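Notes follow once the structure below has been shown.
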Amino acid sequence: MNSPFPKYHPQSKVWIYQSNRMLNTVEAQQVESAANTFAKQWAAHGHPLAAGADLIHNRFLILCVNAEHQSASGCSIDASVHFIQQLGQKHQIDFFDRMNIAYIDHEQLINTVHFNKIKSHFQEGLIKEDTLIFNNTWTTLHDFQNKWQQPLSESWLKNKISVS
């Protein structure tokens, strides 16, 4: 994956927000523009953060704070969560439902399945051991860049469905 933050330190802090649906082109442009504006103005204790934003696959909104500069504080993180909530309300998008697992299907499309249905999707052959799963729990740029998309057999979900 090409990094949306190529000059950022590998230990930079990352937040991955998955939308509950694919954004259309206009929504994607508006969301990405708003997120970039927010990132440019984002501050911790009155000091600007070296931050960036990117919208990937018209579904994943990524915020990143460069670890070589000031770190995000609790208040600044709260501000980013509030921003994402407002953005979601404005566009009728849910960025906070962590129970939906995104994966790339056999047609190379991004789909989601509720966590409680992942095992039945596997049993039905809709998801296989080599299906790429998006793991939105990573918190560093290095992990995001290197492990965000993993085959099911290597992901944290393998125990849920008994993949060896």
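Readers should treat all values here as calculations from the given coordinates under stated rules, not as data from a laboratory. Note that the coordinates shown come from a computational prediction; the quantities given were computed from them, not determined experimentally. All Cβ positions, glycine included, derive from the backbone under ideal geometry; neighbour counts span all protein chains shown.
Some observations on this one:
- Ordering Leu141, His57, His69 by the projection of their Cα atoms onto the charge dipole of the chain, which places +1 on the Cβ of Lys and Arg and -1 on the Cβ of Asp and Glu, puts His69 at the extreme positive end.
- Cα long-axis angle, helix 25-41 against the chain (0 to 90 degrees, to the nearest 10): 40 degrees
- Label-point gap, in nm, between Asp97 and Thr37 - each point 7 angstrom along Cα→Cβ: 2.7 nm
- Shape analysis of the chain yields a ratio of the Cα radius of gyration to the Kirkwood radius, Rg/Rh, of 0.99.
- Full-extension gain in nm, Gln11 to Ile104, via 0.36 nm per residue minus C-alpha separation: 30.8 nm
- Principal-axis tilt of helix 74-91 within the chain, Cα atoms, nearest 10 degrees: 60 degrees
- Length added when fully stretched, Lys147-Asp130, from 0.36 nm per residue minus Cα-Cα: 4.7 nm
- Lysine pairs with alpha-carbon atoms under 15 Å apart, the stretch 16-164, spacing 8 or more or separate chains: 9
- 222 nm mean residue ellipticity, helices alone, for the chain (DSSP H n ≥ 4; -39,500 (n - 2.57); rounded to 500): -9500 deg cm²/dmol
- Relative contact order %, the chain, counting alpha carbon pairs below 8 Å whose residues are six or more apart: 25 percent
- Rounded FRET efficiency, nearest 0.05, which uses the C-beta distance separating Val26 from Ser120 and R0 of 35 Å: 0.50
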